[in-house]
Amino acid sequence: MMLARLADVLAAAIIRSWVENSAGDITGWIAAIEDRDIGRVLVAIHRQPDRDWTVEALAREMGASRSAFAERFTAVVGETPAKYVAGVRMHQARRWLEEEGMRVSVIAARLGYDSEASFSRAFKRIVGSAPSHLRAAGGGSGKG
């Protein structure tokens with residue numbers, strides 16, 4: 001247990017050093033560590049990937065206008081808010097498929113997709129394979 005904690009501390013120190021010594025051209029979640037407002041938005045997205053995250057809702061989380069939020073988010077994270085949210089959702093969907101064996105229709109509904117087909121197209125575009133393939137390979141319990 002102590003070794004695991006020591007590894008966590010060491011990893012945090014390495015990341016902190018890398019961020020502090022970078023040339024300032026970092027984007028993504030590493031850059032969000034240094035930006036409290038964007039970091040707060042990312043935490044909200046990751047805590048509730050199934051929420052209907054519009055640009056307006058995300059801007060409210062940051063306390064900014066939609067245009068100011070979208071511009072700053074894209075500059076810091078390196079991709080648009082919509083693309084980031086879609087990636088987080090598909091990461092969560094992948095976990096549900098592989099670890100829990102959840103049905104595709106259940107995941108689509110939980111993530112707010114109008115149909116299983118629209119979810120499957122988005123999943124394949126972002127992840128690179130059909131959700132049904134991952135569920136079959138995941139060996140999950142078939143929950144859901």
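The values are calculated or read from the model by the stated rules, or taken from the named source; none is laboratory data. Please read all numbers here as calculations on a predicted model, not as lab measurements. Glycine also receives a Cβ, built like all others from the backbone with ideal geometry; neighbour counts cover every protein chain displayed. Accessible surface is based on the protein model in full, side chains and every heavy atom, while ligands, DNA and RNA are left aside. Shrake-Rupley method; radii C 1.70, N 1.55, O 1.52, S 1.80 Å.
Structure data summary
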| item | result |
| --- | --- |
| Filter result (at pLDDT 90 or above and open to solvent by less than 30 Å² (accessible area, probe 1.4 Å)) within the stretch 121-144 | Ala122, Phe123, Ala130, Pro131 |
| Single unsatisfied condition, Met102 versus (1) in contact (Cβ under 8 Å) with a residue 40 or more places away in the chain; (2) open to solvent by less than 60 Å² (accessible area, probe 1.4 Å); (3) under 17 Å from the mean Cα position of the chain (by Cα) | (3) |
| Condition met for Ala23 (at pLDDT below 70, surrounded by 12 or more Cβ atoms within 10 Å (Cβ to Cβ) and either over 23 Å from Ala93 (Cα atoms) or of a type in the set (Lys, Arg) (or both)) | no |
| Residue match in the stretch 60-69 (condition: within 30 Å of Ala13 (Cβ to Cβ) and not polar (S, T, N, Q)) | yes |
